[in-house]
Amino acid sequence: MKKSIFIGRQPIINGDKSIFGYEFLFRKTAENFADISVSDNLSATANVLENIYDIGIKTLMGEKPAFINVTPDVLETGMIQLLPKDDIILEILETSRIDNDAVSIIKEFKDYGFGISLDDFVYSEAWEPLLRLSDYVKLDVLQYSKAEIKEMLLLFKDYGIKFIAEKVEIYEDFQFYKDIGFNLFQGYFFQKPTVLSSSTLDPDYMMLIDIFNAFQSNANIKEIEALFKMTPDLIYRLLTLINSVAYEFIVRISSVKQAIALLGYDNISRWILTIILASKKSDFRSDPLLESAVIKGKMMEDICKKYIGKDLSDKAFLTGMLSLVNVVLGISLEDLLDKINIDTIIHEALTEHNGRLGDLVEFMEKYGKNDYVSADIILKKINPSASIRDIFEIDTVALMYLENVKKTNMV
């Protein structure tokens with residue numbers, strides 16, 4: 001099922017008024033304000049991360065670092081680890097519990113390569129260990145007098161920390177805080193947060209639980225692949241995830257199994273957990289178009305095995321599934337393929353009907369319109385021994401496959 005996604009982004013500025021980086025903010029709608037009803041930091045951060053993965057890290061950040069609000073509890077889930085550590089500053093919320101365990105987990109992420117910032121910082125002895133780990137301290141300049149802020153900068157000057165003045169609203173304040181030693185600035189004087197939006201597919205909640213449990217029980221890759229093949233919406237998001245967090249890979253994806261192997265069990269498990277925590281749903285539903293994508297993918301896979309060759313069957317499934325996902329999203333096929341780094345054979349089969357998979361795509365289009373005369377001509381081109389009657393049987397098998405899985409609450 002298609003859903004709209006939103007994320008707030010506000011620039012953090014250097015002293016010369018150039019953009020240093022961005023803070024990403026939880027937004028539930030296109031309205032530019034935080035949803036104060038969302039008091040669960042874990043869910044809010046999961047929502048931000050889910051939307052970053054879906055929209056694309058490079059799309060949102062460019063070459064700039066990103067500040068993301070977290071707590072030690074969020075870090076313990078491991079879902080942050082999919083992000084490119086060299087470009088991410090973890091902003092520890094002022095509401096965080098601070099004890100030895102919290103300091104330990106933050107130090108782990110610091111040692112791993114993430115930057116650390118303290119958000120809306122108010123000094124207390126409990127925060128002393130974190131000051132020594134931090135790269136940045138953010139001060140809400142509206143909370144203090146200018147004399148108090150001067151004192152704090154003097155107090156912390158030996159820690160080697162960069163200071164961020166938050167909620168700078170007029171030029172005179174920018175100049176004042178720059179003169180007394182602040183390094184970076186954020187506030188309405190420069191730019192209000194902007195809300196960026198996109199759309200993605202909302203996977204079945206119970207299916208997410210099944211897949212997450214399969215990863216936790218270390219199921220083999222064939223079992224994991226079989227679960228993914230029942231959720232074309234999740235396959236699409238897996239492909240966009242690879243395009244987002246693994247942009248250094250030059251390999252083009254040709255199968256679901258390859259996509260799983262490329263990211264690895266741990267990374268995909270963390271990503272699935274992020275979606276689960278962001279959704280907080282307890283129901284499940286199916287989408288007729290997505291069910292059609294499963295059937296089409298399964299049919300193309302089985303036709304390929306029977307009449308073309310098993311070596312292309314994985315590509316055939318992915319081709320069939322992707323041929324309907326753009327319809328669910330309400331975008332063109334070209335826009336869909338721009339979002340994912342798909343194998344050239346699949347790309348050309350979908351866009352130009354090139355090659356054996358292209359013939360199969362064209363056949364499925366005619367078959368889906370009940371134009372059996374034209375479909376049979378294309379089928380004979382694929383394999384002279386093939387017949388429409390055989391396809392009817394394959395169609396029935398695909399329908400039974402879907403229904404059997406639905407009975408086990410997997411879809």
* Residue match in the stretch 364-376 (condition: in a loop (DSSP other than H, G, I, E, B), of a type in the set (Lys, Arg), at negative phi and modelled with pLDDT under 95) -> yes
* To do: Would you mind stating whether residue 165 is outside the structural domain of residue 315 (by TED's automatic domain parsing) and aliphatic (A, V, I, L, M)?
  => yes
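Residue-wise test of (1) among the hydroxyl-bearing types (Ser, Thr, Tyr); (2) farther than 19 Å from residue 324 by Cα; (3) at pLDDT below 85; (4) surrounded by fewer than 20 Cβ atoms within 10 Å (Cβ to Cβ).
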{"site": "206", "(1), (2), (3), (4)": "no, yes, yes, yes"}
{"site": "211", "(1), (2), (3), (4)": "no, yes, no, no"}
{"site": "221", "(1), (2), (3), (4)": "no, yes, no, yes"}
{"site": "224", "(1), (2), (3), (4)": "no, yes, no, no"}
{"site": "239", "(1), (2), (3), (4)": "no, no, no, no"}
{"site": "245", "(1), (2), (3), (4)": "no, yes, yes, no"}
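Residues are listed down the side, and each one gets a yes or a no for (1) hydrophobic (A, V, I, L, M, F, W, C); (2) under 24 Å from residue 200 (Cα atoms); (3) free of Cβ contacts under 8 Å to residues at least 12 places away in the same chain; (4) buried (at least 19 other Cβ atoms within 10 Å of the Cβ):
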position: 335; (1), (2), (3), (4): no, yes, yes, no
position: 357; (1), (2), (3), (4): yes, no, no, yes
position: 363; (1), (2), (3), (4): yes, no, no, yes
position: 377; (1), (2), (3), (4): yes, no, yes, no
position: 387; (1), (2), (3), (4): no, no, yes, no
* Asked: For the stretch 73-101, how many residues meet the condition of being touching a Leu at 6+ places or on another chain (Cβ under 8 Å), closer than 18 Å to residue 132 by Cα and assigned to a helix (DSSP H, G or I)?
  -> 0
* Keeping to the stretch 303-339, report how many residues are out of contact with any strand residue (DSSP E or B) (no Cβ under 7 Å at 6 or more places or on another chain) and either assigned to a loop (DSSP other than H, G, I, E, B) or not assigned by TED's automatic domain parsing to the domain that holds residue 375 (or both). => 4
* Please go through the stretch 108-141 and pick out each residue that is over 24 Å from the mean Cα position of the chain (by Cα), under 19 Å from residue 162 (Cβ atoms) and either charged (D, E, K, R) or in a loop (DSSP other than H, G, I, E, B) (or both). => 119, 120, 121, 122, 123, 128, 132, 134, 135, 138, 140, 141
* Structure fact -> Exactly one of 333, 337, 402, 360 is within 33 Å of the chain's Cα centre (by Cα) and under 15 Å from residue 254 (Cα atoms), and that residue is 337
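Listed here are the residues, each with its yes/no results for (1) within 23 Å of residue 13 (Cα to Cα); (2) aliphatic (A, V, I, L, M); (3) in contact with a helix residue (DSSP H, G or I) (Cβ under 9 Å, 6 or more places away or on another chain).
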residue: 107; (1), (2), (3): no, no, yes
residue: 116; (1), (2), (3): yes, yes, yes
residue: 137; (1), (2), (3): yes, yes, yes
residue: 140; (1), (2), (3): yes, no, no
residue: 148; (1), (2), (3): yes, no, no
residue: 152; (1), (2), (3): yes, yes, no
* **Flag if residue 350 is surrounded by fewer than 19 Cβ atoms within 10 Å (Cβ to Cβ), without any contact (Cβ under 8 Å) to a residue 40 or more places away in the chain, of a type in the set (A, V, I, L, M) and assigned by TED's automatic domain parsing to the domain that holds residue 233** => no
* Residue list for the stretch 179-197, filter: of a type in the set (D, E, K, R) and either in a strand (DSSP E or B) or over 25 Å from the mean Cα position of the chain (by Cα) (or both) -> 179
* Asked: Residues 49, 75, 82: which one is modelled with pLDDT of 80 or more, in contact with a Phe, Trp or Tyr (Cβ under 8 Å, 6 or more places away or on another chain) and within 30 Å of residue 290 (Cα to Cα)?
  -> 82
* **Some residue of the stretch 310-318 being farther than 14 Å from residue 230 by Cβ and of a type in the set (Phe, Trp, Tyr)** => no
* Structure fact -> Exactly one of 229, 162 is basic (Lys, Arg), in contact with a Phe, Trp or Tyr (Cβ under 8 Å, 6 or more places away or on another chain) and touching a residue at least 40 places away in the same chain (Cβ under 8 Å), and that one is 229
* Being in contact with a Leu (Cβ under 9 Å, 6 or more places away or on another chain), closer than 27 Å to residue 76 by Cβ and aliphatic (A, V, I, L, M) narrows it down to one of 118, 153, 196, so name that one. => 118
* Give the stretch 151-178 a look and list any residue that's part of a helix (DSSP H, G or I), among the charged types (D, E, K, R) and surrounded by 15 or more Cβ atoms within 10 Å (Cβ to Cβ), or say none. => 173, 178
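The values are calculated or read from the model by the stated rules, or taken from the named source; none is laboratory data. Keep in mind it's a predicted model, so treat the numbers as computed, not measured. Reconstructed Cβ throughout: ideal geometry from the backbone, glycine too, with neighbour counts over all protein chains shown.
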